[in-house]
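**Student:** Let me begin by handing over the structure; questions about it come next.
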């Protein structure tokens, strides 16, 4: 009895090649979409006074990340049916404005926190306020991770995305913990190596975020879409 044949593009090696191709393509397009702002960051010095300018430079990163999440979520495992560039560009067109509606306020809020912490001695506040502000910043980033996934995959209003992200932040601890672990990993890579390393690994990190957010995605599909 002969073994069943496997069509080209459906084997494990082909699936691995399709994944690598998708990750490399999405990574390249993400960096290209965010390059105007990233180039501006390279020109800024480490002076805390440049934090508002750094936030402006990071504005293109929001739509770029959203398009990447969109493309990775819709990736094909079939080597003969790969269109990651086309999918990424479609995701950017669909999500650029919705992503900015959430990304810009989040950046502004994080900039206020970072500016306050870097000038904390001048505020005259007790030391525990610094810890509280840092904790608020971390929670804001975790909320942003949920909001990024939701706004990339669902066509909801910005205020509804904001509410859902806050809801899942509290009710889906495993997904929030997964986002927190990726945040720690990105911070460690930045501290131990260079700021460029997390950017160069954005696609694998976003794929991991999607994996840890499966329960959030499923719950949203079942409870909040027709």
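Just so you know, all these numbers are worked out from the coordinates, no wet-lab data involved. Treat the numbers as computed from the prediction; the structure is a model and nothing was measured. Glycine gets a Cβ as well: all are built from the backbone with ideal geometry, and neighbour counts include every protein chain shown.
**Student:** Taking Cα atoms, how many degrees apart are the long axis of helix 128-153 and the longest axis of the chain, rounded to 10 and kept between 0 and 90?
**Tutor:** The answer is roughly 30 degrees.
**Student:** Then there is this: Could you identify which residue out of 30, 43, 201 has the top mean-square fluctuation in a GNM of the chain using Cα springs shorter than 10 Å?
**Tutor:** 43
**Student:** Provide the convex hull volume over Cα atoms per residue for the chain, in Å³.
**Tutor:** Expressed per residue, the convex hull around the Cα atoms of the chain is 156 Å³.
**Student:** Measure nothing but the geometry: give the 0 to 90° angle between the long axis through the Cα atoms of 61-73 and the longest principal axis through the Cα atoms of the chain, rounded to 10°.
**Tutor:** Between the helix axis and the principal axis of the chain, the angle is about 30 degrees.
**Student:** Packing-wise, with mean Cβ within 10 Å as the measure, how do 126-137, 81-92 rank, highest first?
**Tutor:** 81-92, 126-137
**Student:** Going by average Cβ density within 10 Å per residue, which order do the peptides 115-124, 66-75 take, highest to lowest?
**Tutor:** Ranked from most to least packed, the peptides come out as 66-75, 115-124.
**Student:** Please report the relative contact order for region 102-196, taking Cα pairs under 8 Å with a sequence separation of at least 6, and give it as a percent rounded to a whole number.
**Tutor:** About 24 percent, as a whole number.
**Student:** Calculate for the chain the 222 nm mean residue ellipticity that helices alone would give, adding -39,500 (n - 2.57) per DSSP H run of length 4 or more and normalising by residue count, nearest 500 deg cm²/dmol.
**Tutor:** Rounded to the nearest 500, the figure is -26000 deg cm²/dmol.
**Student:** If the label point is 7 Å along Cα→Cβ of residue 136, which residues in region 170-185 have backbone nitrogen under 20 Å from it?
**Tutor:** Label zone hits: 170.
**Student:** Sticking with the crude label model, points 7 Å out along Cα→Cβ, report the distance from residue 154 to residue 117 in nm, one decimal please.
**Tutor:** Going by the 7 Å Cα→Cβ label model, 2.9 nm.
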